Amino acid sequence: MVDTSAVGSATSSGYMPSVTAADSTKATKDATLNYESFLKLLVAQMKNQDPTEPMDATQQMAQLATFSQVEQTIKTNKNLESMLQRTSLQEANSVIGRTVVSNDGATSGVVKEVTLYNDGIVATLDSGKKLVIGPGVTVK
């Protein structure tokens, strides 16, 4: 099933981007919350430790290493998201003006417009019909 929160739309005249994708924003927000929560816990732990028995240096280094890993993971996820979005846009753009045929052969036509959703690409054909571009669809 195709999600209705569009990432963008491409037509034969060019790409028209939307501002953001809902899932992408939610994932980034969740990651930021996890990152901020981890940071708050670390600061609270340091503030509330007993000065006569401070935290073991080994434990502190392990926590700092974990903090660094969390930060790197968030950055990596943002880069992957961006890369996946660009790849999807390139895929969508590559079918404009080409003939597509559905898996069962019942729907075919020249692609006039493509709408990119979070979970797939929907082509609008010259006949006005819509076709989900996915497994089994032939692009000529």
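The values are calculated or read from the model by the stated rules, or taken from the named source; none is laboratory data. Computed from a predicted model, the values in this text were never measured in an experiment. So basically every Cβ, Gly included, is an ideal-geometry build from the backbone, and we count neighbours across all protein chains shown.
Step by step: first the residues of the stretch 123-140, then only those that are in a loop (DSSP other than H, G, I, E, B) and in contact with a strand residue (DSSP E or B) (Cβ under 7 Å, 6 or more places away or on another chain), then the one that is surrounded by the fewest Cβ atoms within 10 Å (Cβ to Cβ). Which residue is that? Top of the filtered list is K140. Return a yes/no flag: does the stretch 79-95 have any residue that is touching a helix residue (DSSP H, G or I) at 6+ places or on another chain (Cβ under 6 Å), in contact (Cβ under 8 Å) with a residue 12 or more places away in the chain and either on the phi > 0 side of the Ramachandran plot or part of a helix (DSSP H, G or I) (or both). Yes: one or more hits.
Suppose we keep only residues that are on the phi < 0 side of the Ramachandran plot and touching an Asp or Glu at 6+ places or on another chain (Cβ under 7 Å) within the stretch 96-122. Which one would you say is surrounded by the most Cβ atoms within 10 Å (Cβ to Cβ)? Please lay out each step first, then the result.
Of the stretch 96-122, the ones on the phi < 0 side of the Ramachandran plot are 96, 98-104, 106-108, 110-119, 121-122.
Checking the rest, the ones that are also touching an Asp or Glu at 6+ places or on another chain (Cβ under 7 Å) come to 110, 112, 117-119, 121.
On the way: V110: 16, K112: 15, Y117: 20, N118: 16, D119: 12, I121: 23.
Step by step, filter the stretch 96-122, then rank; the result is I121.
The single condition among (1) surrounded by 12 or more Cβ atoms within 10 Å (Cβ to Cβ); (2) modelled with pLDDT of 80 or more that K75 does not satisfy is (1).
Check whether at least one residue in the stretch 102-122 is under 30 Å from V139 (Cβ atoms), modelled with pLDDT of 80 or more, of a type in the set (A, V, I, L, M, F, W, C) and not in a strand (DSSP E or B), and report yes or no. Yes, there is a match, as at least one residue in the stretch 102-122 is under 30 Å from V139 (Cβ atoms), modelled with pLDDT of 80 or more, of a type in the set (A, V, I, L, M, F, W, C) and not in a strand (DSSP E or B).
A search for C-beta distances below 6 Å between a residue of the stretch 35-49 that is in contact (Cβ under 8 Å) with a residue 60 or more places away in the chain and any residue that is surrounded by 10 or more Cβ atoms within 10 Å (Cβ to Cβ) and outside any helix (DSSP H, G or I), counting only pairs 6+ apart in sequence or on different chains, returns nothing. Restricting the stretch 19-40 to residues that are surrounded by fewer than 12 Cβ atoms within 10 Å (Cβ to Cβ) and modelled with pLDDT of 75 or more, which is nearest to the chain's Cα centre (by Cα)? Among those residues, the one meeting the criterion is E36.
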